[in-house]
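Before any comments, here is the structure.
The values are calculated or read from the model by the stated rules, or taken from the named source; none is laboratory data. Note that this is a predicted model, so its numbers are computed, not measured. All Cβ positions, glycine included, derive from the backbone under ideal geometry; neighbour counts span all protein chains shown.
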């Protein structure tokens, strides 16, 4: 019996299609309807020596390398739904294939907001967010995503259902394997259930926008905002769209209405004294502006390189000067979140293979910590889109060999061949 027939026996013909992606052409893609069917798919792979690519909706497919070998794709897109939502505890449990938009709608009814605050939440699943370690637009305010994962259920390569953590903040015992799974890009397990801590929904939103003459001046303005100890969700610096436009600084605040009233007055007084022309929005206008800036991170019409700079924010202005060297000769625009030392770069035109390799080599030489999110296929198949190998790579390799000794989860998609 061929692979298609075996997979069809597990999930039915309606849940099996072809995936036009990596690993040399079309692959069968199977979408189990429940955890039991996912277990059977992995047992099939384990017993037949097959390699599997875990996937949600596939929205972050370009964030990883092309695998060395793969036999089929295992998608969680049909394993969706909220299992429990406890407004009093501020916790949520959902199947991994649930979109972040669905979760946002659910928790809004109980007076909460979802973390992570991801771009285009309707296009990505919560399992995909955790697997990629995607912290979202609100990281400055609440910290990285891994801090808010209370627990998970995950399938190992042999189909074993493993549990880590729990559903309550106080109910976490044993090793925090769920934090290890966060950002592992499907190299260790298939996530099937996620438990999250939630935050109260704000009463008010505010957006502050002004312009600076240079990138350094914009970065310093962002640091000045931080020193004011504002309830900042995000601070964003955007490069000019042409030579006649200055750098733009945007700050997004949220919280209790009375607090936001006071803080907006402080910002207005502080920046007005510096002869800065402010544009300030409140309420739904501010929230709409925030979502517009958030969603710029996910632009399918242009290539993005995502650079996460591991430096203290005060050292960012000098370090940003390296970008001029790294991206010399490329028509690029920068979107910078200086207070979490994160830079996104968008190329106005798709890079050729030669241009991409040249930029990649300059990034490696700079010592910056970076991650290509939409690299040309030649770079995804040959270079390391995750940059230089971390110091703990040997430990990561041992962990992968322990958790997936038979290499059921397709190797080569993550750091240095993991």
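The table for this structure:
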{"read-out": "Options 250, 278, 271; residue that is assigned by TED's automatic domain parsing to the domain that holds residue 215, within 19 Å of residue 339 (Cα to Cα) and touching a residue at least 60 places away in the same chain (Cβ under 8 Å)", "value": "271"}
{"read-out": "Of the criteria (1) in a loop (DSSP other than H, G, I, E, B); (2) in contact with a helix residue (DSSP H, G or I) (Cβ under 7 Å, 6 or more places away or on another chain); (3) more than 22 Å from residue 100 (Cα to Cα), which one residue 67 fails", "value": "(2)"}
{"read-out": "Residue list for the range 374-401, filter: surrounded by fewer than 18 Cβ atoms within 10 Å (Cβ to Cβ) and more than 15 Å from residue 67 (Cα to Cα)", "value": "388, 389, 390, 391, 392, 393, 394, 395, 397, 398, 399, 401"}
{"read-out": "Residue that is surrounded by the most Cβ atoms within 10 Å (Cβ to Cβ), among those in the range 244-260 that are more than 18 Å from residue 138 (Cα to Cα) and touching a helix residue (DSSP H, G or I) at 6+ places or on another chain (Cβ under 8 Å)", "value": "247"}
{"read-out": "Within the range 268-346, strands (runs of 3 or more DSSP E) holding 1 or more residues that are closer than 17 Å to residue 252 by Cα and at pLDDT 80 or above", "value": "279-282, 332-337"}
{"read-out": "Selection count where residues are under 21 Å from residue 192 (Cα atoms), crowded, with 18+ Cβ neighbours inside 10 Å, at pLDDT below 95 and out of contact with any helix residue (DSSP H, G or I) (no Cβ under 8 Å at 6 or more places or on another chain), scope the range 16-42", "value": "2"}
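Yes or no, residue by residue, for (1) within 30 Å of residue 237 (Cα to Cα); (2) assigned by TED's automatic domain parsing to the domain that holds residue 336; (3) part of a loop (DSSP other than H, G, I, E, B):
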site: 45; (1), (2), (3): no, no, no
site: 73; (1), (2), (3): no, no, no
site: 93; (1), (2), (3): no, no, no
site: 97; (1), (2), (3): no, no, yes
site: 101; (1), (2), (3): yes, no, no
site: 115; (1), (2), (3): yes, no, yes
site: 153; (1), (2), (3): no, no, no
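This table checks each residue for (1) in contact with a strand residue (DSSP E or B) (Cβ under 6 Å, 6 or more places away or on another chain); (2) surrounded by 20 or more Cβ atoms within 10 Å (Cβ to Cβ); (3) on the phi > 0 side of the Ramachandran plot; (4) not assigned by TED's automatic domain parsing to the domain that holds residue 82.
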{"site": "188", "(1), (2), (3), (4)": "no, yes, no, no"}
{"site": "192", "(1), (2), (3), (4)": "yes, yes, no, no"}
{"site": "196", "(1), (2), (3), (4)": "yes, yes, no, no"}
{"site": "209", "(1), (2), (3), (4)": "yes, no, no, yes"}
{"site": "213", "(1), (2), (3), (4)": "no, no, no, yes"}
{"site": "220", "(1), (2), (3), (4)": "no, no, no, yes"}
{"site": "227", "(1), (2), (3), (4)": "no, no, no, yes"}
